[in-house]
Amino acid sequence: MDREILHQSILSLKGKLNTGQIPYHPYEDHFTTHLDAVQMSEDGLVDESTISATLKILLNTVND
């Protein structure tokens, strides 16, 4: 996946979680830790090395 698309996908996922478009219970949830672990690189896009395999699967599922 292209870094810009990946970056937008992560921002979109965070927005959907924050607005309740994707229902989840933060106390029972484990994937927010994966989102929190994502770092930005110097160019302002996500650093792909900080994106877990679990988060990539979730992004693919949500974006399908």
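Which residues, counting only those in the range 1-26, are closer than 21 Å to Thr50 by Cβ, among the aliphatic types (A, V, I, L, M) and either part of a loop (DSSP other than H, G, I, E, B) or open to solvent by 70 Å² or more (accessible area, probe 1.4 Å) (or both)?
Met1, Ile5, Leu11, listed by residue number.
If I go through the range 45-57 residue by residue, how many of them are open to solvent by 40 Å² or more (accessible area, probe 1.4 Å) and either assigned to a helix (DSSP H, G or I) or closer than 11 Å to Phe31 by Cα (or both)?
6
With respect to Gly15, determine if the residue is at pLDDT 85 or above and at positive phi.
no
Residues of the range 35-57 being β-branched (Val, Ile, Thr) and closer than 18 Å to Leu17 by Cα, which ones?
Listed by number, the residues that qualify are Val38, Ile51, Thr54, Ile57.
Scan the range 34-54 residue by residue and report those that are more than 11 Å from the chain's Cα centre (by Cα), within 15 Å of Ile5 (Cβ to Cβ) and either among the aliphatic types (A, V, I, L, M) or modelled with pLDDT under 90 (or both).
Leu45, the sole residue that qualifies.
The values are calculated or read from the model by the stated rules, or taken from the named source; none is laboratory data. Note that the structure is a prediction, hence the values are computed from the model and not measured. With ideal geometry, Cβ positions are generated from the backbone for all residues, glycine too; neighbour counts draw on all protein chains shown. With ligands, DNA and RNA removed, areas are computed over all heavy atoms of the protein, side chains included. Shrake-Rupley method; radii C 1.70, N 1.55, O 1.52, S 1.80 Å.
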